[in-house]
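The values are calculated or read from the model by the stated rules, or taken from the named source; none is laboratory data. Source: prediction; values computed, not measured. FYI the Cβ positions are ideal-geometry reconstructions off the backbone, even for glycines, and counts take in every protein chain you see. Accessible surface is based on the protein model in full, side chains and every heavy atom, while ligands, DNA and RNA are left aside. Shrake-Rupley method; radii C 1.70, N 1.55, O 1.52, S 1.80 Å.
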Amino acid sequence: MTINTHLKYAQMNTEDVFYSAKTKAEGLTSKEAYKRLKEYGHNEISAQKKRKISEILISQFKNPLIIILLFATLISGFLGEYISALIIILMIVLSAILSFIQEYRSEETVAALRNKVALKSWVLRDKKIMQINATDLVVGDIVILEVGKIIPADLRLIETNDLAVNQAVLTGETFPAEKFPENKKDEKESLQAQNLVFSGTHIVQGFGKGVVIATGKNTFLGQTAKLIAAKEPFSQFQKGISDFGYFLFRIIIVFSLAVFIFLALFKGNWLESLLFSLAIAVGISPELLPLIITINLSRGARKMAENKVIVKRLMSIENLGNADVLCTDKTGTLTEGQVILNNYFDLDHNKSEQVLLLSRLCNAYAIDPDTAANPLDLAIMDYANSSKIKTNGYKIIESIAFDFYRRRMSVIVQKNSEIIMICKGAVEEILKVCSKVNRAGQSVEIQEHLSEIKKYINEFEDNGYRLILIAQKAIIKKEKYSVKDEKDLTLLGFLAFLDPPKFTAAKTLKNFMDLGVKIKILTGDNEIATKRLCQEINYECKKIVLGSQLDKLSPIKLRKVVEGADIFTKVTPEHKLKIVKALGEAGHSVAFLGDGVNDAPALKAADVGISVDKAVDVAREAADVILLKKSLSVLIDGIKEGRKTFGNTLKYILCTVSSNYGNMFSVTGAALILPFIPMLPVQVILLNFFSDAPMLAIATDNVDEDYLKKPKRWDIKKIRQSMNYFGLISSLFDFITFGFLLLIVGASMQVFQAGWFFQSFLTEVLFIFVIRTKKWIWQSKPSKLLIFSSIITTIVILILLYSSLRQYFGFGLLPLNVLLVIVGIALVYYILGEFFKKFIYKKFEI
């Protein structure tokens, strides 16, 4: 659909609209809606499709390591090693099935979480009102609109009741546009049509009903929104994964090539050496890393959902945990996000019961208790009712509704023979219609006191109060009152409203500081109001920067300023984007919390964008994480969960890479001293599979509280250094085992391979319990599932070595006394590792 088609709908009468959209006043049937959904697709600007089962399964075989294994299988078959080839294929299939199950479960988890925060719409279907996901809307649906709701598609209005729409997302104009079923003006642009409303805009007043004329990419927003199609920025965690992958790739190439050259030169069997080196390439690779990350993230997403934090992108869990800066507005996060009436004064600076009484009368709730009035009217009624303010015999005989042009409302009230007009509204608009002011009980000309009144009002506004003025005048009884009667009023006083700080704000901020996360407040309010709030919540502010100051800074200076400042006042959406980008360029991992339409660019630019369930659709689309409750406190558990996930992922990497790195040294040394290959290719692959098996439970492991206190970052240098140290210790015990098997036991090739296989497996499994914590084993308990999986895998290995199955893998029978000595060597390795890790963790601060 083109924009011109929108205009055609605007110019049609209602009957023609129904005919063109192939619908009726009572809406579509569910059967017809389903048919259109299948034909035209979902109401999405950027569809995030759930992968099919076949796609997930096929993706398991696109791993480069799987390709290496398949190549090794072909060589085994070529050499006549059919059993080895079959076993390798079985390992590939088992690994693929395991990965498929976990990925499928993760897909289901994410889909369920996305559905939980999906935008809902009320529609007429099957001649009744029902609620559906907005993504299921189709052309011809009749949508019911109400205050505060996001418009889910482009609609041609057929009914309205005092309807006003904020179209800032499309026009940049914050002033609401009034809407009607008929197009009262002959507009040339669809955005100006009074009987059209557009996807992404939201209702600020009244009610309405409209026919869907465009969905998804065919909406006005879909045709113009470049933001949604923008490329996702590379987060700190993704960059760390990429850097680690590149580092590992170089290690694999160097060692595989070295092993191949050594074996080929010293043993002379080039084909066997090639096969073994390919197996080594697979053995040193942490091929379960993607799966381990997926399991960790999926489990983290489920845990976070229990704490009212919904994750849209699994990778954002790690980004949230690694964040060291959180940029947020104060409304609804540090404050309650709910307006309360704080005070009411006359213009002599005295508290005035008359002002409160008149504001109770001039109130949308007093006119119609069932109306969806604005929060200010609700706050007045709540306060008046709790203070037991009565109407004192006044009766409302007529009202003039509030609108966004006048920004005021009026009521005509009568008590006995007295008739007065009460007018309530925004400061500037009430002052315009007042000619007098009440001072000390006398009505005097307002011009003489205007500068004093404005100064008094400004003092309140500068301190963060929102003011509403009250005025009145005596008026004669007549048949009809109108806006023209709103003149020559007497100003009586004002009401002061406030969004109070949250009771838990101070504690929440301390919790963030304890986690090493710096809070930066980005607000459109002024400096004075923001300072007052900070004092109330004990937020220590070192530096405040105005948004206008940022425009004058060079990129280098900007980075320095945003790092040093705690609060940014009078900021625009462009300033928010600048701040987030500058913090990222300065090396910070940035989280940004926003819920407005214009927050979308900053949400996209942050390492992790956070929004709330009731945010506008554009903000929720741009965000990575959705809070079901707008509160910083719910993010605390989310950050901890992210750090647990990162910590458990790092455990797998350190354990696998260090052990495999040590094995590579051992293989290279063994090639020089042994008359045979220390381990057959199929044995290497089997070892790799079984030593990784307990790691699948690493996602359930407990993480020390000390580990959660600071943001964690990928540091390839530290990983490499610790890998070198731990790898050399592992290699040392390999050579001790070699010496024992060769010099003391006098083992044959098959017995030697069985002995080293068991020792390699046992030391790697024990090393999991060394590396998982900086503390001693008795100070930090591993998860029960990790212990259980390690024990079960060890039993499976023993069954394999002491049953007829061993001959299929080329193992000899390992004497029991030899097995016990190997267990003793592994235990000494574990004890030494417990002491040595203290040095490693302290030296490299991993």
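For segment 777-827, the set of residues classified as open to solvent by less than 90 Å² (accessible area, probe 1.4 Å) and not in a helix (DSSP H, G or I) consists of SER780, PRO782, SER783, TYR802, SER803, GLY810, PHE811, GLY812, LEU814, PRO815, listed by residue number. Against the definition (part of a helix (DSSP H, G or I) and open to solvent by 20 Å² or more (accessible area, probe 1.4 Å)), how does ASN458 come out, yes or no? Judged against the criteria, ASN458 is a match. Within segment 333-357, the set of residues being in a strand (DSSP E or B) and touching a residue at least 40 places away in the same chain (Cβ under 8 Å) comprises THR335, ILE340, LEU341, ASN342, ASN343, TYR344, PHE345, ASP346.
So for segment 581-603 (the condition being under 29 Å from GLN167 (Cβ atoms), in contact (Cβ under 8 Å) with a residue 12 or more places away in the chain, open to solvent by less than 10 Å² (accessible area, probe 1.4 Å) and of a type in the set (Val, Ile, Thr)), does at least one residue qualify? No: zero hits. Counting residues in segment 558-567 that are farther than 24 Å from LEU635 by Cβ and among the hydrophobic types (A, V, I, L, M, F, W, C) gives one or more.
Taking the criterion of being within 35 Å of the chain's Cα centre (by Cα) and not in a helix (DSSP H, G or I), the residues of segment 669-703 that qualify are ASP701, ASN702, VAL703. Does THR335 satisfy being at pLDDT below 80, surrounded by fewer than 24 Cβ atoms within 10 Å (Cβ to Cβ) and of a type in the set (Val, Ile, Thr)? When the stated conditions are applied, THR335 does not pass them. Within segment 343-373, the set of residues being within 16 Å of PHE497 (Cβ to Cβ), open to solvent by 30 Å² or more (accessible area, probe 1.4 Å) and modelled with pLDDT under 90 comprises just one member, TYR365. For the residues ASP377, ASP403, ASP382, the requirement of being among the charged types (D, E, K, R), under 44 Å from the mean Cα position of the chain (by Cα) and not in a helix (DSSP H, G or I) singles out ASP403. Selection of segment 248-277 for residues being at pLDDT below 70 and either over 16 Å from PRO681 (Cα atoms) or among the small types (Gly, Ala, Ser) (or both) yields only GLY268. Kindly provide the set of residues from segment 792-815 that are closer than 17 Å to TRP756 by Cβ and hydroxyl-bearing (Ser, Thr, Tyr), ordered by number. If the condition is that a residue be closer than 17 Å to TRP756 by Cβ and hydroxyl-bearing (Ser, Thr, Tyr), then THR794, TYR802 are the ones that fit.
Within segment 408-451, take every residue that is in contact (Cβ under 8 Å) with a residue 40 or more places away in the chain and in a helix (DSSP H, G or I) and give me the one that is nearest to the chain's Cα centre (by Cα). Among them, the one singled out is VAL427.
Report yes if THR773 is more than 25 Å from ASP243 (Cβ to Cβ), open to solvent by less than 20 Å² (accessible area, probe 1.4 Å) and in contact with a Phe, Trp or Tyr (Cβ under 6 Å, 6 or more places away or on another chain), otherwise no. No. Of the strands (runs of 3 or more DSSP E) lying entirely inside segment 471-557, those containing at least 3 residues that are surrounded by 18 or more Cβ atoms within 10 Å (Cβ to Cβ) span 489-498, 518-522. Does segment 642-649 contain at least one residue that is modelled with pLDDT of 85 or more, over 17 Å from LEU762 (Cα atoms) and either outside any helix (DSSP H, G or I) or open to solvent by 10 Å² or more (accessible area, probe 1.4 Å) (or both)? There is at least one residue in segment 642-649 that is modelled with pLDDT of 85 or more, over 17 Å from LEU762 (Cα atoms) and either outside any helix (DSSP H, G or I) or open to solvent by 10 Å² or more (accessible area, probe 1.4 Å) (or both). Among the residues of segment 224-241, none qualifies, meaning not one is farther than 25 Å from HIS588 by Cα, at pLDDT 75 or above and not in a strand (DSSP E or B).
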